[in-house]
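Novice: Here it is, the structure, as structure tokens.
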Amino acid sequence: MQISARVDYAVRALAELAADSARPLTCESIASAQEIPFRFLKSVFRDLRSAGLVRSQRGCEGGYWLGRDAAEISVAEVMTAVDGAFFTVRGQRPEALGYPGAAAGLPGLWHGVESAAETLLARTTIADLARQGADGKAVTA
């Protein structure tokens, strides 16, 4: 399973917003704090805003806020917002695959991998990540 740069950057940006929710943060400050390329992060924020995961305000007092409480935003939801399908094999959903002969059971395995990953990522919220980052702890299964 590969986590795209878009997903990695989106989750990191949302964790940064959750950690400092008292004021809006600029895209520049988030990019700098998380060592993310600014232009790439701006395109990620467009997807996050479209999904309602962040809201923005223009102007000198502007920036980005979380669109909802951090405890209500799962990592799985972020992945879907920026990458579309949660899990694919060569661009196809596991249930759409079919293999001949001895490999016929492989789509079931891929579906199991998807289910396990989605379970972990659906129960892990942006609030969990921000809290664990502040505590210096890693997210565990």
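Novice: What is the number of the single condition among (1) at pLDDT 95 or above; (2) outside any helix (DSSP H, G or I); (3) not small (Gly, Ala, Ser) that Leu41 does not meet?
Specialist: Checking Leu41 against (1) at pLDDT 95 or above; (2) outside any helix (DSSP H, G or I); (3) not small (Gly, Ala, Ser), the one that fails is (2).
Novice: Among the residues of region 30-50, is any open to solvent by 80 Å² or more (accessible area, probe 1.4 Å), closer than 28 Å to Thr88 by Cα and of a type in the set (A, V, I, L, M)?
Specialist: No, every residue in region 30-50 fails to be open to solvent by 80 Å² or more (accessible area, probe 1.4 Å), closer than 28 Å to Thr88 by Cα and of a type in the set (A, V, I, L, M).
Novice: Failed condition for Cys60, given (1) open to solvent by 70 Å² or more (accessible area, probe 1.4 Å); (2) over 22 Å from Tyr9 (Cα atoms); (3) not in a loop (DSSP other than H, G, I, E, B), with all others met?
Specialist: With respect to (1) open to solvent by 70 Å² or more (accessible area, probe 1.4 Å); (2) over 22 Å from Tyr9 (Cα atoms); (3) not in a loop (DSSP other than H, G, I, E, B), Cys60 is out only on (3).
Novice: OK, next. Out of curiosity, is Ala31 under 26 Å from Ser115 (Cβ atoms), part of a helix (DSSP H, G or I) and at pLDDT 95 or above? Show your work before the answer.
Specialist: Details: under 26 Å from Ser115 (Cβ atoms): no; part of a helix (DSSP H, G or I): yes; at pLDDT 95 or above: yes.
So Ala31 fails the test.
Novice: Here's a check for you: in region 17-28, which residue that is open to solvent by 50 Å² or more (accessible area, probe 1.4 Å) and assigned to a helix (DSSP H, G or I) is nearest to Gly62 (Cα to Cα)?
Specialist: Glu28
Novice: Then there's this: Inspect all residues belonging to region 5-15 and state whether any of them is under 15 Å from Ala127 (Cβ atoms), open to solvent by 60 Å² or more (accessible area, probe 1.4 Å) and in contact with a helix residue (DSSP H, G or I) (Cβ under 7 Å, 6 or more places away or on another chain).
Specialist: Looking for residues that are under 15 Å from Ala127 (Cβ atoms), open to solvent by 60 Å² or more (accessible area, probe 1.4 Å) and in contact with a helix residue (DSSP H, G or I) (Cβ under 7 Å, 6 or more places away or on another chain), one finds at least one in region 5-15, hence yes.
Novice: Can you go through Ser4, Ser56, Ser50 and tell me which one is of a type in the set (S, T, N, Q) and touching a residue at least 60 places away in the same chain (Cβ under 8 Å)? I'd like the intermediate steps shown before the answer.
Specialist: Working: Ser56 fails: touching a residue at least 60 places away in the same chain (Cβ under 8 Å); Ser50 fails: touching a residue at least 60 places away in the same chain (Cβ under 8 Å).
Answer to the check: Ser4.
Novice: Sticking with this one: Going through region 76-96 one residue at a time, which ones are within 16 Å of Val113 (Cα to Cα) and either in contact with a strand residue (DSSP E or B) (Cβ under 6 Å, 6 or more places away or on another chain) or hydroxyl-bearing (Ser, Thr, Tyr) (or both)?
Specialist: Across region 76-96, the qualifying residue is only Thr88.
Novice: Among residues belonging to region 59-81 that are among the hydroxyl-bearing types (Ser, Thr, Tyr) and in contact (Cβ under 8 Å) with a residue 40 or more places away in the chain, point out the one that is nearest to Leu121 (Cα to Cα).
Specialist: Across region 59-81, the extreme among qualifying residues is Ser74.
The values are calculated or read from the model by the stated rules, or taken from the named source; none is laboratory data. Quick caveat, the model's predicted, so the values are computed rather than measured. Please note: Cβ atoms are built from the backbone with ideal geometry, for glycine as well, and neighbour counts cover all protein chains shown. All accessible areas refer to the heavy atoms of the entire protein, side chains included, with ligands and DNA or RNA removed. Shrake-Rupley method; radii C 1.70, N 1.55, O 1.52, S 1.80 Å.
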